[in-house]
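A.B. asks: Quick one: structure below, then a few questions.
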Amino acid sequence: IKETIIADCKKSEVWKILILDPFTTKLLTSCCKMSDLMEERITIVEDLFKSREPVPEMKAIYFMSPTSKCVDAFIADFKPKPKYKSACVYFTDYCPNDLFNNMKACCAKYIRICKEMNISFLPQEAQVFTCDDPGAFQRIYSPRSQDKRKTLEKLADQLITLCATLNEFPGVRYKKDSNMVNAKTLAELVDNKLSRHYELDESGKKEKTQAQLLVLERGFDPVSPILHELTYQAMAYDLIDIQNDTYKYKSKDGSEKHALLNEDDMLWVKLRHKHIAEVSEQIPKMVKEISASKKQPDGKITINNLAQMMKKMPAFRKQLTEKTVHLQLAEDCMKHFSNNVEKLCKAEQDLAIGSDVDGTKVKDPMRTLLPVLLNPFSKHDKIRAVLLYIFSLNGTTDENLNKFIQHVKIDDEQEFILNWKELGVPIITSPSFFSRKPSRRDRNQGETYNLSRWTPVIKDVMEDAVESKLDTREWPHQSECPAAWNGSGAVSARQRNKPSSQDDRRTGSRLIIFVIGGITYSEMRSAYEVTQAVKSCEVIIGSSHILTPTSLLEDIKALSKSPMEILTIDERSNA
C-alpha cells in the first residue's frame, strides 16, 4: 500500500479524499491508522456505497475490489456530473476487461491512474491471513450449492495475491482424501493461476522460490474446532461474545467500554497464546509493577519529580488501560472456566486423545461421555461432547445416534451432528466397518496442563512439512518444490535469489497453509509455535475465515437449508 497508493500521493502536494469499499476498509484498518493517512495528505476517508457530498475541487483516490458493484458505484460518481476533480483508481486484484472497458468508456478523462495491486486477502495477524469470506463455507459444503467451483476460483485468486505480496512462487501440495476433492481442485487452480501470474509479471519469468503451499480441508481435523481450548485467545473467543475483535466490558463506574484485541495491543500479542493459568498469574503482577514504578522511591515530592511523573502519565495510562482490559477479560474467562468448562474439559480431553491423564487407554468412551450428558450443561456443550465421542470412534451406529439426539433433546436440530458428513467426516458407520485413525506424533515428553493435552492435527502437519517428512501418498505434489526444500533452511547458495531487505529478516523458507472451511485459534497458535521452534522456517496459516466452536456448529447446521434461508446467515456474518 505504501509503495503504490501512498507513493503516488506523495508526488502531488494537494490534499485528497480516499474512498473505500467494505473489504478495503477492513484491509486498511488492519495495517494503518487514520493519523498515518493524514500524514500522507489524505483528509477524509469515505464509503464508496454511501451517498457523499460532491467536492469538485478535490482529487479522489479509489481503493476497491474489481467487482461490477464497485465499478458501477465509481461510474455513478462521474456520470452525469463529476463529484471530484479527478480519480486515481487502485484495484485489489486483476480487473476483468469488461469492467475496465466500462470505466474507460464512461470516465476515461477523469482517471489519472489505474493500477491493480495484488492484495485481495486480509492480514489478520503477523502470521495469519483470511479471505474475509465466511459465506464460502456454505457455498463449498452445502449439497445444494451451485457456486462451489466459482467460490474455489475466487479463493484461488485471493491466494495468488497472497503469494505475490510475499513474493513467493511456492510448490503446491494437497491432502489426499477419498471422500473429498475440494483440496485437490483448489491446489490445481492455484498452481495454474500462479504459473500464469508469474508469466505475465513485468519483472521477467520467476523461478520457484523456497516456499511450500499446503491445501487441506476442514474435515481433516474435526476435533480441534470443537474442544474447549484453555489458551487465552482461543478461550476468550469461544466463551465470550467478541464481535469484530472488539471486547465489550463494564468498567468500575458501570459505563460500557470497548477494547480492540489486535496487533496494536502489545500485551495481547504477548499473552494470547499462553495458557489461561499463566495469564491469570501474570496480569496482576504487571499491574503491581506499573503502580510501583509510578511511586517516587524517596517519597519526596519536588516540582521536578512531579514534572517527570506528568511526562510519563500518558504512557502509564495506556499501560494501565491495557492491563485492566486483560485483567477483566482473563477474569471473565476464569468465571466461565470455574462454572462449567473445567468439568467438561477432562471428559473432552479423554475423548479426543483416547487416553486419560495417566496415559491409560479409554476402553469405553461411552462412560466418559455419560456424566456430561447427565449434568445440566448447555445444549451446545452437550452437542460438542457427543461429537467428540463420535469422532473418537470414527462414527457411530444409527441406534446410538438416536439415543444421543433424544438425550440432548435436539430432535429437530439433529443437523448439528448429521451434517458433518458433508465435510467428509464419518458420522454413521455400520458396526462391522472399522477405520484406522491416523497415527499422531508422540508428545508425552512435553510439559502440558492436564486439561490441555490435545494438540491440533495441523501442528503435526506443519512439523512434518518443515522436516520434509510428509508422505507423498497422503500429500501429493500438485507441483514440485525446489529440491532444496528440506525446511532446515539449508539452501545452496546458487539457488537463493538475491535477498531483498524483507528476506534478510528470515533466512529460511516459508510454509503457507490454507484450510478450506475455516481455521481455529488453536491452529493459528500452532503456526507461531512451530515458527518459534524451527527458527529457519516461517509458517503462515490462512483460510476463508476464522472459526469459533459456536460459529462452526451454526454453519454446519445451516448446510441443509435452502440458499434462500442462508441469505440471512450471510447477512449476519457481514453485519
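A.B. asks: Tally up the residues in region 79-130 that are assigned to a loop (DSSP other than H, G, I, E, B) and either under 28 Å from the mean Cα position of the chain (by Cα) or within 24 Å of Asp201 (Cα to Cα) (or both), please.
C.D. replies: The total comes to 12.
A.B. asks: Can you tell me which residue within region 22-54, out of those that are in contact (Cβ under 8 Å) with a residue 40 or more places away in the chain and hydrophobic (A, V, I, L, M, F, W, C), is least open to solvent (accessible area, probe 1.4 Å)?
C.D. replies: Going through the qualifying residues, I end up with Leu27.
A.B. asks: Which one is modelled with the lowest pLDDT among residues in region 302-342 that are surrounded by fewer than 11 Cβ atoms within 10 Å (Cβ to Cβ) and hydroxyl-bearing (Ser, Thr, Tyr)?
C.D. replies: The selected residue is Thr302.
A.B. asks: If we keep just the residues of region 244-265 that are within 18 Å of Tyr521 (Cα to Cα) and either in contact with a Phe, Trp or Tyr (Cβ under 8 Å, 6 or more places away or on another chain) or not in a loop (DSSP other than H, G, I, E, B) (or both), which is most open to solvent (accessible area, probe 1.4 Å)?
C.D. replies: Looking at the filtered set, the residue picked out is Leu260.
A.B. asks: Filter region 147-199 for residues that are in a strand (DSSP E or B) and among the basic types (Lys, Arg) and give the result.
C.D. replies: Arg173
A.B. asks: Looking at (1) farther than 28 Å from Cys131 by Cβ; (2) open to solvent by 40 Å² or more (accessible area, probe 1.4 Å), which one does Pro96 not meet, given that it meets all the others?
C.D. replies: All conditions are met except number (1).
A.B. asks: For the condition crowded, with 22+ Cβ neighbours inside 10 Å, touching a residue at least 40 places away in the same chain (Cβ under 8 Å), under 30 Å from Trp420 (Cα atoms) and among the acidic types (Asp, Glu), what is the one hit in Glu217, Glu188?
C.D. replies: Glu217
A.B. asks: For Lys175, which of the numbered conditions (1) more than 24 Å from Thr151 (Cβ to Cβ); (2) open to solvent by 30 Å² or more (accessible area, probe 1.4 Å) fails to hold?
C.D. replies: Status for Lys175: all satisfied but (1).
A.B. asks: State whether one or more residues within region 123-131 are in contact with a Ser or Thr (Cβ under 8 Å, 6 or more places away or on another chain) and either open to solvent by less than 10 Å² (accessible area, probe 1.4 Å) or over 30 Å from Ile556 (Cβ atoms) (or both).
C.D. replies: yes
A.B. asks: Follow-up. I want to confirm something. Restricting to region 346-392 and keeping residues that are basic (Lys, Arg) and either in contact with a helix residue (DSSP H, G or I) (Cβ under 8 Å, 6 or more places away or on another chain) or open to solvent by less than 30 Å² (accessible area, probe 1.4 Å) (or both), which single residue is nearest to Tyr449 (Cα to Cα)?
C.D. replies: Arg384
A.B. asks: If I filter region 177-222 down to residues being in contact with a helix residue (DSSP H, G or I) (Cβ under 8 Å, 6 or more places away or on another chain) and among the acidic types (Asp, Glu), which single residue comes out as farthest from Ile383 (Cα to Cα)?
C.D. replies: This residue is Asp177.
A.B. asks: Take the residues of region 393-437 that are aliphatic (A, V, I, L, M) and open to solvent by less than 40 Å² (accessible area, probe 1.4 Å): which is modelled with the highest pLDDT?
C.D. replies: Leu423
A.B. asks: Sticking with this one: Report yes if Asp157 is at pLDDT 90 or above, open to solvent by 20 Å² or more (accessible area, probe 1.4 Å) and touching a helix residue (DSSP H, G or I) at 6+ places or on another chain (Cβ under 9 Å), otherwise no.
C.D. replies: yes
A.B. asks: Next question. I'd like the full set of residues that are part of a strand (DSSP E or B) and either exposed (fewer than 13 other Cβ atoms within 10 Å of the Cβ) or of a type in the set (Asp, Glu) (or both), limited to region 55-72.
C.D. replies: Pro56, Glu57
The values are calculated or read from the model by the stated rules, or taken from the named source; none is laboratory data. Just so we're clear, the structure is a prediction, and the values are computed from it rather than from any experiment. Cβ coordinates were reconstructed from backbone atoms using ideal geometry, including for glycine residues, and neighbour counts include every protein chain displayed. When the accessible area is computed, the model is the full protein with side chains, heavy atoms only, and any ligands, DNA or RNA have been set aside. Shrake-Rupley method; radii C 1.70, N 1.55, O 1.52, S 1.80 Å.
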